[in-house]
Each structure stands twice: as structure tokens, then as C-alpha cells.
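The values are calculated or read from the model by the stated rules, or taken from the named source; none is laboratory data. None of the values given here were measured: they were computed from a predicted structure. Ligands, DNA and RNA are stripped out before the accessible areas are found, and what is left, the full protein with its side chains, is counted by its heavy atoms. Shrake-Rupley method; radii C 1.70, N 1.55, O 1.52, S 1.80 Å.
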Amino acid sequence: EEGVSPLRISLIMLLIGNFSSKNIVEIHQKKCGTEIEKINLYLLQIYQNSPTDEHELFNYVILKLIEQLSLPSSYYDVLKYIVYSKIGLREMDIQYLFDDKFNVLSFKTLMFILKDFIFEHPYSHRIYFREDFFSESIKTTTDNIHEIYRCLFNLINHYDENDIQRQQMYPYYAILSNSTEESIDILSKRGDRDYFIDLYQGSKFFILNDD
């Protein structure tokens, strides 16, 4: 096929290169001739069924990989939280947010597979997406943004009060989680009430321009 983008080829090959026993079973269940014909048909159907839009394709491949690895769907939610955090998340942050739904070893496996798209900073150990294109792709599937910010707000409130990330991100998460009254009360005790109110006055701007 002419005009196929390198990203499309790369994503589909990523999916094929990480087949699991689940895929092998599905191949064997194909009702056609030889094993080679079954494999060829299966690969063709993967290509034909994949979205043409690259944002949609990226999400499609990640969800398929999670399914192939028999991971819970919450691992896709982890990626959403990484995107909306703005500062990346550490493993301990993800453990706090997802508790028993998160397995460090399984997530490291997923991260290794997605190493061209996400990475862990060697010093802060925060996990980020490498490019805006991939994080923007994740955003297109998100419809519970305020709930995500609410959870991030609770997470940052769990940090030590002297933590620089808490000081920088606390008002931002508070605004976008609709936690205004609670945040003003807490910030009043910290002497930051006026700063927060000034920031809150511009919250409509932040929400509309959260990209």
C-alpha cells in the first residue's frame, strides 16, 4: 500500500512483535487452510482492522497490547494519569493512585515494550511520554478529567509540605479538580490564600488551555 506512514508500520509491527499465547490460540482458531494461511489471514486482519488515524491507532495498539499481555484495563488509565500529571509520575505515585490494581513488574514489562514512547527519567524516576503527539493521543480518549485531577490533587497533598513539586502543582491540580473551597481553606492555613485566589481567577483560562 502506498503512502503508509512509518509510524503506522512501527505501531502495527509493535503489536505483532509482542504476540502472546492468546494470539496463537486465535490464529489456530481461524477456519482456513494451512497454518501459514491462518497466520497470513490473522496478520492481514490486524492491519485491516486498525484505525487509519494515527492518534486512534496509537490508542488502539496500546489497548491491544494490554489485552495481549493479560493486564487489567487500569494500566491504560495509568498512562492517562501520567499525561495529565504534567510532571510525570513515579512508581510510588502510581502505586498510591491504583493500589492493588498495580503490579510494578507487569508495568515495567509494558514500559519496556513502549520504550519508544514513554521513559523514566534517570534522576527523578518520573515517567513521561517522549513526545506531545503520544500524550495528545491519550487525551483524546479521556472523559473523566476532573476525576483524574481530583486523584492527582489527593496524591500531591500526600507529598511532604516542603516538596517542590507539591508547592508548584498543588494549586494547578486543585483548580482543575474543582476543589476550590477545600484548597482555599488549606492554602489559607499555609498563608497562600491570596496567591490561590489570584490563580483561581484565571482558572477558566487554564481549563480551556490545558493543552
Quick check: with the 1.4 Å probe, what order do ASP116, ASP53 take by accessible area, largest first? ASP116, ASP53
Please give the length that would be gained between VAL104 and SER50 if that part of the chain were fully extended, namely 0.36 nm times their separation in residues minus their C-alpha to C-alpha distance (nm, one decimal). 16.5 nm
Indicate the gyration tensor shape class of the stretch 85-183 (rounded, prolate or oblate), computed on the Cα atoms with a ≥ b ≥ c the square roots of the eigenvalues: a/c under 1.5 is rounded; otherwise a/b larger than b/c is prolate and the rest oblate. prolate
Amide H contacts under 5 Å for LEU89, restricted to residues at least 5 apart in sequence or on another chain and with H modeled in the peptide plane, are ILE127
Of all lysine pairs in the stretch 1-156 that are eight or more residues apart or on different chains, those with Cα atoms under 18 Å apart total 14
Per residue of the stretch 70-85, what does 6.51 cos²θ - 1.76 cosθ + 1.60 with θ = phi - 60° give for ³J(HN,Hα)? Whole Hz please, x for Gly and Pro, Karplus curve as stated. 6, 8, x, 4, 4, 5, 5, 5, 4, 5, 4, 5, 4, 4, 7, 5
Which order do LYS31, LYS22, LYS80 take by accessible area at a 1.4 Å probe, largest first? LYS31, LYS22, LYS80
Which residues qualify? For ILE118, with a placed amide H closer than 5 Å and at least 5 residues away or on another chain, they are ARG130
For the stretch 145-162, 3J(HN,Hα) per residue [Karplus equation, 6.51 cos²θ - 1.76 cosθ + 1.60, θ = phi - 60°, Hz, x = Gly/Pro]: 4, 5, 5, 4, 5, 4, 5, 5, 4, 5, 5, 5, 5, 7, 5, 4, 4, 8
